[in-house]
Amino acid sequence: MRLEAKDIRFRYGGGSGARGGDGRSGWVLDGVSLSVEAGERVGLVGPSGCGKTTLAKILAGYLAPTSGSVLLDGAPLPARGYCPVQMIFQHPELSVNPRWTMRRILTENWTPDAALADALGLEDAWMNRWPAELSGGELQRFCIARVLGPRTRFLLCDEISTMLDAITQAQVWRLLLDVAEQNRLGLLVVTHNPALAARVCTRVVEMG
Amino acid sequence: MHDYSNNHNRHATVPALLVDELSVSFSMYGRGTAKADLDAIRALSLDVMPGELLAVVGASGSGKSVLAHAVMGILPKNARVGGRILYRGEPLTEKRLGALRGTEIAFIPQAVDYLDPLMRVDRQVIGTRGTRAAQEEIFARYRLAPEVGRQYPFQLSGGMARRVLFATAAVGGDVKLVVADEPTPGLGPDLCAKMMNHFRQFADAGAGVLLITHDVDLALGYADRVAVFYAGVTVEIATAAEFASGGAALRHPYSRAFADALPQNAFRPIPGRQPYAGGLGKGCPFFDRCTERRTDCASGDVPMRALRGGKVRCLHAT
Ligand code: SF4
């Protein structure tokens with residue numbers, strides 16, 4: 001299985017004359033191509049503002065490219081139903097519904113088994129709590145667990161351990177690598193940390 | 001802990017900031033609720049000397065941000081605070097803080113919502129003591145385009161908002177203490193380096209810099225010393241060089257585990273989680289995860305003590 005971005009161009013606002021907030025020309029992405037095979041873990045590094053997050057969002061189907069295409073095994077991403085391409089964000093508090101309990105957030109798409117919940121340290125006592133009652137690190141572990149279901153084929157990880165401490169970061173990545181291996185997931189790993197990229201990726205792509 | 005407070009004639013030895021066995025608990029949330037436990041701190045001790053950059057590292061929930069809020073006097077009303085906070089040898093009272101904040105004491109908060117949503121960015125940066133020229137200079141240095149000044153906070157990206165916060169703290173004033181609470185998330189490596197250089201310059205010019213960060217790698221390149229927090233207590237104070245050299249030079253079993261888990265070291269995590277400080281009883285907070293624990297660690301007081309030029313809160317560290 002292969003996830004592909006083909007000649008992606010992107011700018012906000014769509015029309016001509018759109019400008020980024022930093023005053024440069026409007027193109028956030030200008031003809032970017034990239035592919036990730038099942039079982040591969042591709043690191044994506046580059047300076048801030050080079051469009052790494054934008055590219056990940058386009059690959060996940062959250063953003064439509066201005067031109068170019070995203071293909072999953074040669075076909076567009078499914079427009080309805082569960083998307084086999086899932087994204088985990090840097091700030092979990094922005095990617096969960098604040099009015100849902102943790103149990104509902106966790107089990108929206110699948111129900112992780114006890115072993116996985118245990119490996120990620122998801123405590124029973126948290127299940128009936130609201131997102132605002134958990135720390136960022138605790139929330140992030142829920143956000144990871146909820147996308148590790150059997151229907152996920154590709155994971156786009158955007159600085160997902162940037163706000164975790166070193167021990168939790170190593171715990172979370174060890175687990176992610178295990179699941180990725182078992183399920184032959186393809187991973188795109190956006191990170192600013194070269195040591196982390198060297199540890200978790202099979203190859204690294206530089207942008208910008 | 002040394003008591004520097006009565007030492008008025010040797011100014012170089014008076015810390016810019018001294019935090020002595022600081023504790024914070026929250027009453028109104030009700031006992032034992034997640035949020036109150038999450039934010040409580042039990043015993044934080046550290047000092048920041050003039051000319052020094054001290055980095056505070058530890059898991060989220062270790063008390064890092066509560067420390068910044070306690071120092072800056074912006075804890076919520078239901079917080080009960082114990083211990084002492086001294087700025088240049090004198091207690092940092094609310095009145096003193098009011099006069100010093102934004103002049104001698106610069107605060108770079110974590111939450112970008114400290115920006116006034118209704119005020120144009122350039123006016124916020126100029127504030128009450130900056131000038132238009134100073135604002136333009138600092139914008140140029142942090143690659144903020146002039147038109148950003150005419151925007152409102154909601155129009156900024158996270159990284160831009162953070163740069164604006166820094167500009168707001170850094171413009172004007174005679175800064176003697178910088179308190180930065182997670183200043184770098186959302187910034188790329190180049191801008192992180194720029195901001196860290198700026199903190200280093202503040203320290204080299206004689207200010208004390210307290211840098212609270214989850215980004216150990218980044219901090220180690222610029223810090224003089226590192227304070228390691230765990231479950232609301234300071235477990236170790238070490239030099240940045242000791243920390244960078246990996247686990248062996250460190251004093252506390254948690255600091256060693258922390259260093260060993262870094263991707264450039266073994267990337268090897270110890271099992272288990274940090275407990276909430278608010279839910280802890282007596283004894284060492286690291287007890288349940290410590291491979292070197294003995295029976296006496298579970299009960300008695302574990303005081304901070306001097307060891308090998310640093311400090312450690314462990315009964316059996318050598
Ligand atoms: S006091 Fe005991 S349990 Fe705590 S870190 Fe030291 S050896 Fe381990």
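In a reduced charge model with +1 at each Lys and Arg Cβ and -1 at each Asp and Glu Cβ, the range B:44-96 shows a dipole moment near 240 debye about its Cα centre. For a modelled paramagnetic label at B:Asn78, 7 Å from Cα along Cα-to-Cβ, the residues of the range A:120-139 in reach, with backbone nitrogen under 18 Å, are A:129-135. The ranking of B:Leu75, A:Leu71 from fewest to most other beta carbons within 10 Å of each one's beta carbon is A:Leu71, B:Leu75. Cα-Cα pairs above 44 Å in the protein assembly as shown: how many percent? Counting every Cα pair in the protein assembly as shown, those more than 44 Å apart make up 16 percent.
Against chain B, whose longest principal axis is taken from its Cα atoms, helix B:158-170 shows a tilt of about 80°. Take every DSSP beta bridge whose two residues both sit in the range B:136-248; close to 55 percent of them are antiparallel. Angle of helix B:132-141 to the longest C-alpha principal axis of chain B, folded into 0 to 90 degrees and rounded to 10: 60°.
Dipole magnitude for chain A: about 560 debye, using +1 per Lys or Arg Cβ and -1 per Asp or Glu Cβ, origin at the Cα centre. Taking amide H as placed 1.01 Å from N in the peptide plane, A:Leu29 has its amide H under 5 Å from the amide H of A:Phe10, each at least 5 places away in sequence or on another chain. In order along the range A:172-184, phi translates into HN-Hα couplings of 5, 5, 4, 5, 4, 5, 4, 5, 4, 5, 4, 8, 6 Hz, rounded to whole numbers, per the Karplus curve 6.51 cos²θ - 1.76 cosθ + 1.60 with θ = phi - 60° and x for Gly and Pro.
The orientation-averaged projection of the convex hull spanning the C-alpha atoms of chain A amounts to 11.8 square nanometres. In a reduced charge model with +1 at each Lys and Arg Cβ and -1 at each Asp and Glu Cβ, the protein assembly as shown shows a dipole moment near 500 debye about its Cα centre. Each helix, a run of at least 4 DSSP H residues, gives -39500 (n - 2.57); summed and divided by the residues of chain A, these come to -7500 deg cm²/dmol at 222 nm. Arranged from fewest to most other beta-carbon atoms within 10 Å of their beta carbon, B:Val228, A:Val204, B:Val179, A:Val42 become A:Val204, A:Val42, B:Val179, B:Val228. The fewest-to-most ranking of B:His214, B:His198 by surrounding Cβ atoms within 10 Å reads B:His198, B:His214.
In the range A:71-208, a dipole from Cβ-located charges (positive for Lys and Arg, negative for Asp and Glu) runs towards its positive end, and of A:Thr202, A:Val179, A:Tyr82 it is A:Tyr82 whose Cα lies farthest in that direction.
3J(HN,Hα) along the range B:265-274: 9, 7, 6, 10, x, 7, x, x, 10, 5 Hz, from the Karplus curve 6.51 cos²θ - 1.76 cosθ + 1.60 with θ = phi - 60°, whole Hz, x for Gly and Pro. Of all DSSP-defined beta bridges confined to the protein assembly as shown, some 50% are antiparallel rather than parallel. If you look at the Cα atoms of the range A:160-208, you get an Rg and a Dmax of 11.1, 33 Å. Ranked by the mean number of other Cβ atoms within 10 Å of their residues, highest first, the peptides B:305-315, A:147-157 come out as A:147-157, B:305-315. Indicate, rounded to the nearest 5 percent, the antiparallel portion of the DSSP beta bridges found entirely in chain B. That works out to approximately 60 percent antiparallel.
Quick note: the coordinates plus some simple rules give every number you see, no bench work behind them. Every value quoted in this text rests on a predicted model; they were computed, and no experiment measured them. Backbone-built Cβ (ideal geometry, glycine too); neighbour counts: all protein chains shown.
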